[in-house]
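The values are calculated or read from the model by the stated rules, or taken from the named source; none is laboratory data. Remember, predicted model here, so these are calculated numbers, not experimental data. Don't worry about glycine lacking a Cβ; one is built from the backbone with ideal geometry, like all the others, and counts go over all protein chains shown. Calculation scope for accessible area: heavy atoms of the full protein, side chains included, ligands and nucleic acids excluded. Shrake-Rupley method; radii C 1.70, N 1.55, O 1.52, S 1.80 Å.
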Amino acid sequence: MSATNVVREHGELEGLSKEELSDLKEFALDHQFDVPGNYRPVLQARNGKLIAGNYVGIIETRKRTVLEILPKVDFVNDDEDKSRTKQIFYSMLRTWRGFKSQAVFNETQIKAVRNFNMLEVFVHLFLNNLVMLTQRGLARQYHPVEENLPCLRGRIRFSQHIRENVANRARFYVGYDEFSANRPANRLIHSTIDRLIGTARQPRNQQLLHQLRIGFSEIPPSTHLQSDWDRHRVDRTIRHYDSVMQWVGLFLFNEGLTTFAGKHVNQALLFPMWEIFEDFVAASFRRHGDDYSVRQQGPMKPLAHRGNEGVFYMKPDISLMSGDNAEFILDTKWKRLNAEDGDLKRGVNQADLYQMFVYGKKYGCKKVALVYPKTTKFNETTDFEFDDRLSLSCFPFDVTEPKSSVEEIIRHLKN
């Protein structure tokens, strides 16, 4: 059984060998930006120590130690609450943009595996989806086949038949269509099973992997992963493949994730918490904010013009729409706001206020809002007045109670 080290966001990585720390420092240097020019390090080196960033998930070292990074949520007081932290994280992850379908998770599955390490959880969820897929049947398609057979099947390929069988009239060179499960999606699934057999350690996962590999034994694994990935399609005839192929993309290609590859670790599945928080808040407003429709990353408007052309387009995180108008604009910040009593700014970043002021003026809102995770040091709404026509509210959002958080925010904005 591989070792698992647990750390929270912004916590120090401990319990690793010198070789593993050296590898992870190199890994950190390779992954300091999520997109070119945007500094979002996976890990940070400070005073000779490695510190976790705002990515949550797992890193498996070359010595097979699993480093599990959990989100920093303030209801956690001791190690006994790690399983609850993970349960909340998995619930938030269901709404993340990197997963196209909430069928990837359900609450029953989350409760069943919350004590596993994250890698085993993701393997388990993939296997559950794959078992349901096989119960519905593997997708098949017709493939053209040419063979030299001792019996007639399909159509004779005359030129090849004459060339191959001029001295053997007991054989027929034929062509026919074979209805086979040997198609790109199934080859990719077989390759994923093979990869995970060398990674998963939880006994139930290992048992399922070996059983499923037997079920896929007649299908060859992919010999050209990228080519098969580019060619596979989940159309209306194989909708039951949708969730499984999301996991295949994640395990084989980090599809949907920032790519975390390299020679210094075996595997890294890391999720950007700022995106997960934004998507979770937006999904919560869609579910519980009946008075408004929700637009995410929009509506877009130019900040300026050159002639008749708009430039520097703005994309608010969340807009609460009344018809075609953005009634309120919300920007999410996965930051631990330190709202000290003696600080008039309440820990709010001045650049964030500039951004919200521009949003309010350009979109014609009376109120705009910054939404932070609720913490012990930030648990009450803070208000700022720009002028008599525009105000800003900073809201604590309780990720354990999204419904009450949405209702409180809407009530405050309306008043």
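Starting from the residue with the highest accessible area, list Leu152, Leu93 in decreasing order, probe 1.4 Å. Before the final figure, lay out each step's value.
Values: Leu152 105, Leu93 0 Å².
Highest to lowest solvent-accessible surface, that is Leu152, Leu93.
Amide H neighbours of Asn5 under 5 Å, at least 5 residues apart or on other chains, H built in the peptide plane: list them.
Val66, Leu67, Glu68
Angle, helix 118-136 long axis vs. longest principal axis of the chain, Cα atoms, 0 to 90°, nearest 10?
That works out to roughly 50 degrees.
Please list, ordered by chain and number, the residues whose modelled amide H lies under 5 Å from the amide H of Lys301; skip anything fewer than 5 residues away on the same chain.
Distant-sequence amide H within range of Lys301: Met314.
Straight distance only, please: which lysines reach the Cα of Lys18 with their own Cα at less than 29 Å, same-chain residues fewer than 8 apart left out?
Partners within reach: Lys49, Lys63, Lys72, Lys82, Lys86, Lys263.
What dipole magnitude, in Debye to the nearest 20, does segment 154-220 give about its Cα centre under +1 on Lys/Arg Cβ and -1 on Asp/Glu Cβ?
My answer is approximately 80 debye.
Taking the convex hull of the Cα atoms, report for the chain its projected area averaged over all directions, in nm².
With every direction weighted equally, the projected area is 29.1 nm².
Excluding same-chain residues fewer than 8 positions from Lys362, which lysines have a Cα within less than 19 Å of its Cα?
Result set, ordered by chain and number: Lys301, Lys315.
I need the phi-derived Karplus couplings for segment 391-405: 6.51 cos²θ - 1.76 cosθ + 1.60, θ = phi - 60°, integer Hz, Gly and Pro marked x.
Along segment 391-405, the couplings run 10, 10, 10, 10, 10, x, 10, 7, 5, 8, 9, x, 4, 5, 5 Hz.
Against the longest principal axis of the chain, how steep is helix 82-93, in degrees 0 to 90 to the nearest 10, with axes from Cα atoms?
Tilt of helix 82-93: around 80 degrees.
At 1.4 Å probe size, put Asp242, Asp235 in order of accessible surface, largest to smallest.
Asp235, Asp242
Classify segment 274-317: rounded, prolate or oblate, from the alpha-carbon gyration tensor (a ≥ b ≥ c, eigenvalue square roots; a/c under 1.5 rounded; otherwise prolate if a/b is larger than b/c)? If you can, show how the numbers build up before the last one.
Details: a/c = 6.39, a/b = 2.28, b/c = 2.80.
Judged from the Cα gyration tensor, segment 274-317 comes out oblate (a/c at least 1.5, b/c at or above a/b).
What residues qualify as long-range amide H neighbours of Phe397, i.e. H under 5 Å apart, gap of 5 or more or another chain, H built at 1.01 Å from N?
Tyr372, Lys374
Using Cα-Cα distances under 8 Å and only pairs 6 or more residues apart, what relative contact order does the chain have, in percent?
13
Could you pull the accessible area for Thr95 with a 1.4 Å probe, rounded to 10 Å²?
Only protein atoms counted, so the area is about 40 Å².
Which is the longest part of the chain that has none of the GluC sites (Glu not before Pro) sitting in a DSSP loop with at most 13 other Cβ atoms within 10 Å?
Working: sites that count: Glu14, Glu218, Glu340, Glu380.
Result for the longest clean stretch: 15-217.
Assuming a ≥ b ≥ c are the square roots of the Cα gyration tensor eigenvalues, decide whether segment 283-377 counts as rounded (a/c under 1.5), prolate (otherwise, with a/b larger than b/c) or oblate.
oblate
Once you have a ≥ b ≥ c as the square roots of the Cα gyration tensor eigenvalues for segment 171-218, tell me rounded if a/c is under 1.5, and otherwise prolate or oblate according to whether a/b is larger than b/c.
prolate
Rounded to the nearest 0.05, what FRET efficiency is calculated for Tyr354 and Arg231 with R0 set to 60 Å and r the Cβ-Cβ distance?
FRET efficiency, Tyr354 to Arg231: 0.80.
Taking 1 over the mean of 1/r across every pair of different Cα atoms in segment 162-302, what Kirkwood radius in Å do you get?
19.5
Among DSSP bridges having both ends in the chain, what percentage is antiparallel? Round to the nearest 5.
The answer is about 75 percent antiparallel.
Between Ser404 and Glu19, what FRET efficiency comes out of the Förster formula 1/(1 + (r/R0)^6) with R0 = 56 Å and r the beta carbon distance, rounded to 0.05?
Given R0 = 56 Å and the Cβ-Cβ separation, E is 0.70.
Roughly speaking, to the nearest percent, how much of segment 298-415's 1.4 Å accessible area is carbon and sulfur?
That fraction is 47 percent.
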